[in-house]
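Accompanying notes for the structure given below.
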Amino acid sequence: MLELYHFEPGANSLKSMLCLKEKGIDFVSHYVDLHEFEQHSPEYVKVNPNGQVPALVHDGAVICESTLINEYIEDVFPEPPLRPADPVARAHMRVWTKFVDEYFCPALSTLGWNRIIKPMVEHLSEEEFEAKIARIPLKEQRDKWRTAASRSFPQEQLDDCQRRVEVSLQRIEKALEESQWIAGPDYSLADISCFSMMAPMPMFNDGTMNNEKTPQCMDWHARMMERPAVKETFAMSKRPMPVLDKSA
Ligand SMILES: N[C@@H](CCC(=O)N[C@@H](CS)C(=O)NCC(=O)O)C(=O)O
């Protein structure tokens, strides 16, 4: 049996949901509501000791880390292939997924947290907030929650994150000028990783991703949105997109 613990089809949850859907694999969906802090519940921390989504459980074996979940899914369910067969092309594809995990996603995440977390926690009393923080297993995450809740990321750090997002988009734009999909002629886990970060970006309307600045990304995004697996994954959404506070 295959079970996926995930939140909305966005970011790292989207990455693994999309991989399963592309392969047509049935899975038991466990919705972990980040707005209710369910990822930090003692029951969920037993599944993923980092207190983060997604997590895959296959016949009792737990796999964490979205990119590694996708590699595992590909190993166990190789059809249809989402990795190039050629070892060099496969290595290049993995450079993309590593780039997303280490460079693109952390920058985007800091910008997102700066906007989203404060409205999520401001109804809590100080005691309630502290009780939520105390359940977070990783110190780094406790620190990030506190900083985001008080919107105290230094402006310099936010500017640098925005710069990194733009560098990421330019790099993806260039790749798409050279081939139909991000890691070459075939659709792969590289497209899934990048799209998981970029899916809502055209809607932000903040000048980062649009027809003038990133036409290839926009064309690729439209092609992604037409994929049946993408449509099925978004149909699993339970909440409307959070309203972004553009002033933050
Ligand atoms: N490296 C991890 C990152 C997972 C991650 O950051 N998940 C976010 C959602 S996209 C999360 O659970 N955030 C809630 C929290 O940290 O409290 C992966 O790729 O799976």
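Summary of values
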| read-out | value |
| --- | --- |
| Cα lying deepest toward the dipole's positive end in the range 35-115, options T97, V53, I73, charges on Cβ | T97 |
| Fraction of accessible area attributable to carbon and sulfur, the range 16-159 (%, probe 1.4 Å) | 54 percent |
| Computed over the chain: relative contact order in percent, which uses C-alpha pairs under 8 Å that are six or more apart | 25 percent |
| Nearest-10 value in Å² for the accessible area of F104, using the 1.4 Å probe | 0 Å² |
| Alpha carbon centroid spacing (whole Å) that separates the range 176-229 from the range 1-67 | 24 Å |
| Lys pairs, the range 115-221 - Cα-Cα below 28 angstrom, 8 or more residues apart or on other chains | 5 |
| Semi-axis lengths, Å, the range 161-248, gyration tensor of Cα atoms, sqrt of 5 times eigenvalues | 21, 19, 10 |
| Residue-normalised accessible area of the chain, expressed per residue, 1.4 Å probe, Å² | 49 Å² |
| Protection proxy ranking of 57-67, 164-174 - average other beta-carbon atoms within 10 Å, highest first | 164-174, 57-67 |
| R223, R146, ranked by accessible area, largest first (probe 1.4 Å) | R146, R223 |
| The chain, dipole about Cα centre (Lys/Arg Cβ +1, Asp/Glu Cβ -1), debye to the nearest 20 | 260 debye |
| Potential extension, L158-R146 segment - 0.36 nm per residue separation minus Cα distance | 2.7 nm |
| Antiparallel content of DSSP bridges confined to the chain, in %, to 5 | 70 percent |
| Within the chain, helix-based [θ] at 222 nm, where runs of 4 or more DSSP H residues each add -39,500 (n - 2.57), nearest 500 | -16500 deg cm²/dmol |
| Accessible heavy-atom area order of K132, K213, highest first, probe of 1.4 Å | K213, K132 |
| Quotient of Cα Rg and 2.2 N^0.38 Å for the chain, N being how many residues it contains | 1.01 |
| Solvent-accessible area of R239 with every protein chain in place, 1.4 Å probe, in Å² to the nearest 10 | 80 Å² |
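The values are calculated or read from the model by the stated rules, or taken from the named source; none is laboratory data. Since we're looking at a predicted model, the values are computed, not measured. For neighbour counting, all protein chains shown are included, and Cβ atoms are generated from backbone atoms with ideal geometry for every residue, glycine included. Remember, those area values only see protein heavy atoms, side chains included, never the ligands or the DNA or RNA. Shrake-Rupley method; radii C 1.70, N 1.55, O 1.52, S 1.80 Å.
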